[in-house]
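The values are calculated or read from the model by the stated rules, or taken from the named source; none is laboratory data. Quantities reported herein were computed from a predicted structural model and do not represent experimental measurements. Every residue, glycine as well, gets a Cβ built from its backbone with ideal geometry; the counts of neighbours run over all protein chains shown. Surface areas here come from the heavy atoms of the whole protein model, side chains and all, with no ligands, DNA or RNA. Shrake-Rupley method; radii C 1.70, N 1.55, O 1.52, S 1.80 Å.
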Amino acid sequence: MGRMFQPSLRRQQPPPPGRGAAARALWAGLAAAALLALAGCGKGRPAGGSAARPVRVILDFLPNAVHVGLYQAEAAGYYREGGLSVRIEPPTTTSDTLRLMAAGQAEFGIVSLLDFLNARAKGEPLRIVMALEQRPLGAIFSLRKAGITRPRDLQGRLVSITGVLSDEAGVRWMVRHDGGDPASVRLINIGFNTAQEVIAGNVDAAFGFWNQDAVQVSRRAPATVLRLYDNGVPPYPELVVFVREDFLAREPGTVRAFLKAAVRGYEDALARPDDALAAMAGRVEGETVEGLRPYFDAVRPVLRAGAPSYGRLDLAVIRDYLAWVRDAGVLDFRADPSTFATNDYLPGEGGR
């Protein structure tokens, strides 16, 4: 039941140059802002001295299209209607989200499901309360001219990874699942610029996030994307919203109010994407509607996917995912999902 690798280090770095100079400048500004926020207590007063409950939300990374519903909820006043004053912040690194939450310095956090499970395996008293989307975001991507149309085509090819063992596990799993020899794949750790290396033709393929890295590549040239969830991996939610269990017990109403507002924000984004993208662009320095659009168009189909309502967790899928990460040699964690994940605080579950 221990940790077998350090997950999601890929997301500790600034966005690649393909996102533009504005995003790179934004990283530096937001990182500095997050450090300043740490000097405060994280429970500042709402503007105007209102009685709204201040709530701090720590993202998994820089604001990007997958977070659009959170900003739409702010723009539409849904948090305010629920009696909340919400502050949405990026972490300085991915590990900060779990660190701040463990220290009780934020009310809500967003991390990858794998990072969450790793923390629970170490005994952190945390609970998942909502899925941000409903499918894994990992994928192998390549330029179409490389002729890679299925995972076993990677045999003998050079594939870049970031150095995270989960990347290697994903590549080798997909090749083996497709009937190929995973030992024949030549893996190279080139750090965090996988998209640029694919575009430049320095590698045959790369492992990264299909809603970000692969979109970046496909905007430059025709690309092939082979997703984890199309190759034998359970359709688990990549990113989840979580809280501390003591906060959940102490303030269930705050949790319900936040989730109700967030769900409304994502429902707006699905129904009226232009409005939601404009709301996010108006609140995140350096972003534009047109800059966000291709990334949102990519992730939009999986925000709800087959879920009966936005944000709902499928505990059976999480159970299958736990079995997969054990089988793939990624993490040995055997708790039942009902002990660390719940739908009870979502709208329509625990009451509006």
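The residues of the stretch 236-321 present an accessible area of 40 Å² per residue when probed at 1.4 Å with all protein chains retained.
Its Cα centre serving as origin, the stretch 74-114 has a Cβ charge dipole (Lys and Arg +1, Asp and Glu -1) of approximately 60 debye. Normalising by the residue count of the stretch 184-244, find the relative contact order in percent from Cα pairs under 8 Å and 6+ residues apart. That works out to 23 percent. Of the residues TRP173, TRP210, the one with the largest accessible area comes first in the ranking TRP173, TRP210, computed with a 1.4 Å probe on protein heavy atoms. Which of the three applies to the stretch 232-352, rounded, prolate or oblate, going by the alpha-carbon gyration tensor with a ≥ b ≥ c and a/c under 1.5 meaning rounded? Oblate, because a/c is 1.5 or more while a/b does not exceed b/c. Pairs of Cα atoms nearer than 8 Å and 6+ residues apart set the relative contact order; for the stretch 232-352 it is 32 percent.
Net charge dipole, the stretch 99-255: roughly 380 debye, given to the nearest 20, about the Cα centre with Cβ charges of +1 for Lys and Arg and -1 for Asp and Glu. Near the amide H of VAL55, within less than 5 Å, lie the amide hydrogens of SER85, VAL86, ARG87, all on another chain or at least 5 residues away, with H placed in the peptide plane. Label sites at ALA183 and ARG326, each approximated as a point 7 angstrom past Cα along Cα to Cβ, lie 2.6 nm apart. Couplings 3J(HN,Hα) of the stretch 258-270, computed from phi: 5, 5, 4, 5, 5, 4, 4, x, 6, 5, 4, 4, 5 Hz, in residue order, whole Hz [Karplus 6.51 cos²θ - 1.76 cosθ + 1.60, θ = phi - 60°; x for Gly and Pro].
Each of ILE58, ILE188 has its accessible area taken with a 1.4 Å probe; listed largest first, they run ILE188, ILE58. Projecting each Cα onto the charge dipole of the stretch 180-317 (Lys/Arg +1, Asp/Glu -1 at the beta carbon, about the Cα centre), which of VAL217, ALA195, ALA298 comes out farthest on the positive side? Going by the charge dipole, the pick is ALA298. Annotation for the stretch 236-300: chymotrypsin sites (Phe, Trp or Tyr not before Pro) lying in DSSP loop with at most 16 further Cβ atoms inside 10 Å of their Cβ do not exist. Considering only alpha-carbon pairs that sit under 8 angstrom and 6 or more positions apart, the relative contact order computed for the stretch 302-352 is 30 percent. Within the full protein context, the accessible area of ARG127 is estimated at about 50 Å² for a probe radius of 1.4 Å. Between GLU81 and THR339, the modelled label-to-label distance comes to 3.9 nm, taking each label 7 Å out from Cα in the direction of the beta carbon. Evaluating 6.51 cos²θ - 1.76 cosθ + 1.60 at θ = phi - 60° for every residue in the stretch 112-127, the Karplus couplings come out as 5, 4, 5, 4, 4, 4, 4, 5, 5, 4, 8, x, 5, x, 10, 9 Hz, glycine and proline recorded as x. Full extension of the chain between ILE190 and GLN155 yields a length gain of 10.7 nm, computed as 0.36 nm times the residue separation minus the alpha carbon distance. DSSP bridge analysis restricted to the stretch 58-209 gives an antiparallel fraction near 35%, rounded to the nearest 5.
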